[in-house]
Amino acid sequence: MHDRHPVGRPRDRKIPVTGAAFRISSYDKTAQTITTVPDPNWWGTKPKLDSIVFRALDYTAWTDAYLNKEIDYASAILPEDYKRLAKAAGTDIRTGARWDEVHITLNGARGPLKDVRVRQAIQHAIDRKAVATAFGKDLPVQLKTYGSHFFMPNQAGYQDNSGKYGTYDTAAAGKLLDEAGWKLKGDTRAKDGKQLALTYTLGAGSTSAQEDQAELIQAQLAAVGIKISIKKVPSNDYSTSPSATSTSSASAGSTRSSAPRRTRSTARPRARTCTTASISGEPTEPSAG
């Protein structure tokens, strides 16, 4: 039996009052859905839909759910999803500016990454344009690099704050690592008898595009003598994984501007989201929504 509750009972009074065309009608904890209906007190243009049901669903399941007609809207930003969704009958591919980003978080709390020069070297060693190009292959839009944690490139007020460290420069990366005491020993840098070895952590549910990105960055950092081990952890444990504990972030991402979406009847609003990976200094044991 579903634990379904209409909004308005004492137990539901913590739900905030809405201020747009729809209001929350009910929520179902078992099905993990929230149903909204038109708010009769809304002063603006009346909505065309009788209701909208929001469903909690892991993004890796969106495409299959959409193709099975379980949902009406899904993201087509990932190449593997776009290829499947573009062929689906009775749907439209819509392109629009999305507040989505891909970024890599550096754990500066311990290990080699405690040295800001190592973190700066990593930023110099990552070719962000190459990552964006690889991530957006087979998509009908061009992904762009960005340099702000506050605004997207298509928003008023945006400015690139990445500075010189947002520039791909392997020579500068090598100089910084030399200054930090990490000298090349063969193909990998070392200091005090220890290799410069870091861990790139991904959630177990990562897409093939995210795995390709990790391998590309692994190769780029290897070119300056940094050894990267790619590690997958259960998605539910990602935020508590030691290597995912971040204190510093790199501008090593690409915006998903003008992202394709797949929709049957209505496009649902979506808040800014980001796809993350983390790099940490662990021992050797980055629409059809």
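The values are calculated or read from the model by the stated rules, or taken from the named source; none is laboratory data. Quick caveat, the model's predicted, so the values are computed rather than measured. Heads up, the Cβs are rebuilt from the backbone with ideal geometry, glycines too, and the neighbour counts pull from every protein chain shown. Only protein heavy atoms, including side chains, enter the accessible area calculation; ligands, DNA and RNA are left aside. Shrake-Rupley method; radii C 1.70, N 1.55, O 1.52, S 1.80 Å.
Legend: calculated FRET efficiency, Lys175 to Arg110, from the Cβ-Cβ distance at R0 = 25 Å, rounded to 0.05, equals 0.55. Using a probe of 1.4 Å, the accessible surface attributed to Asp58 totals some 80 Å² when neighbouring protein chains are kept in position. Once you divide the Cα radius of gyration of the stretch 47-168 by 2.2 N^0.38 Å, the number left is 1.37. Centre-to-centre, using Cα atoms only, the stretch 13-64 and the stretch 116-155 are separated by 34 Å. The solvent-accessible area of Tyr168, taken with every protein chain present and a 1.4 Å probe, is close to 110 Å². Just list whichever of Lys164/Lys194; Lys29/Lys87; Lys129/Lys175; Lys114/Lys191; Lys69/Lys231 have alpha carbons separated by over 24 Å in the model shown. Beyond 24 Å: Lys164/Lys194; Lys29/Lys87; Lys69/Lys231. Mean projection of the Cα convex hull over all viewing directions, computed for the stretch 98-185: 7.2 nm².
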